[in-house]
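Encoded as structure tokens, the structure appears first; notes follow it.
The values are calculated or read from the model by the stated rules, or taken from the named source; none is laboratory data. Just so it is clear, the structure is predicted and the values come from calculations on it, not from any experiment. Ideal geometry is used to build each Cβ from the backbone, glycine not excepted, and the neighbour counts take in all protein chains shown. These area figures cover heavy atoms from the full protein model, side chains too; ligands, DNA and RNA do not enter into them. Shrake-Rupley method; radii C 1.70, N 1.55, O 1.52, S 1.80 Å.
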Amino acid sequence: QVQLVESGGGLVQPGGSLRLSCGVSRNIFRINAMGWYRQAPGKERELVAGIISGGSTNYADSVKDRFTISRDNAKNTAYLQMNSLKPEDTAVYYCYAALSSKWTGDYWGQGTQVTVSS
């Protein structure tokens, strides 16, 4: 079965950067889409960024022009480069992978905490 392992979260000051990684292991089936959702305490889970086979991307309005999602197909890994981080970006970020072209997951990572604070 598909298993996702994500990393890269941590504590960063406002204006700083982090790079999240999501690796696909036990990839018996071909992955079409990957991305991240995030959820902060008391708030709804929201799509942060997604990428599908062929390169099409989708970003939350709040992160456009600050975050960039990419994939390394050879390593079967997705990356989320997060720049100009704001306190409101603080959340648990959950990586996903999907077998079809869509903006949500069939498989999910364990989550990584991102905290933006001075």
(request) Note the direction-averaged projected area, equal to a quarter of the hull surface, for the Cα convex hull of region 12-64, in nm². (result) 5.4 nm²
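Run the count for the chain, please: Lys pairs, Cα-Cα under 22 angstrom, 8 or more apart or on different chains.
On the way: LYS43/LYS64; LYS43/LYS86; LYS64/LYS86; LYS64/LYS102; LYS75/LYS102.
Taking the Cα cut-off of 22 Å, the pair count is 5.
Please report the carbon-and-sulfur percent of the accessible area for the chain; probe 1.4 Å, protein heavy atoms only, DNA, RNA and ligands left out. Show your work: numbers first, answer last.
Working: 2740 of 6150 Å².
Answer for the chain is 45 percent, counting heavy atoms of protein chains only.
Averaged per residue, what accessible area in Å² does region 1-106 show with a 1.4 Å probe, protein chains only? Could you put the intermediate results ahead of the total?
Details: 5510 Å² over 106 residues.
Result: 52 Å² of accessible area for each residue.
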(message) Positive end of the dipole of the chain, charges at C-beta (+1 Lys, Arg; -1 Asp, Glu), about the Cα centre: which of THR104, LEU47, CYS22 has its Cα farthest in that direction?
(response) CYS22
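Provide the percentage of antiparallel DSSP beta bridges, counting only those with both residues in the chain; round to the nearest 5.
On the way: 38 of 41 bridges.
Counting DSSP beta bridges with both partners in the chain, the antiparallel share is about 95 percent.
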(request) Name the long-range amide H neighbours of PHE67: under 5 Å, sequence gap of 5 or more, or other chain; modelled H, no Pro or chain starts. (result) ASN83
(message) Between region 1-40 and region 69-118, what is the separation of their alpha carbon centroids in Å?
(response) 4 Å
(request) Quickly rank 95-105, 4-14 as a protection proxy: mean count of other C-beta atoms within 10 Å, highest first. (result) 95-105, 4-14
(request) For region 69-74, take each phi angle, set θ = phi - 60°, evaluate the Karplus expression 6.51 cos²θ - 1.76 cosθ + 1.60, and give the result in whole Hz per residue in order, putting x for glycine and proline. (result) 9, 8, 9, 10, 5, 5
(request) Order the following by accessible area, largest value first: PHE67, PHE29. Probe radius 1.4 Å; ligands, DNA and RNA are ignored. (result) PHE29, PHE67
(message) Using only the heavy atoms of the protein chains and a 1.4 Å probe, how would ASP61, ASP106 rank by accessible area, largest first?
(response) ASP61, ASP106
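Heavy atoms only, 1.4 Å probe, whole protein assembly: order LYS75, LYS86 by accessible area, highest first.
From most exposed to least exposed: LYS75, LYS86.
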(request) For SER84 and LEU11, compute 0.36 nm times the residue count separating them, minus their Cα-Cα distance, and round to one decimal in nm. (result) 24.9 nm
(message) For the chain, what does the convex hull of the Cα positions come to per residue, in cubic angstrom?
(response) 90 Å³
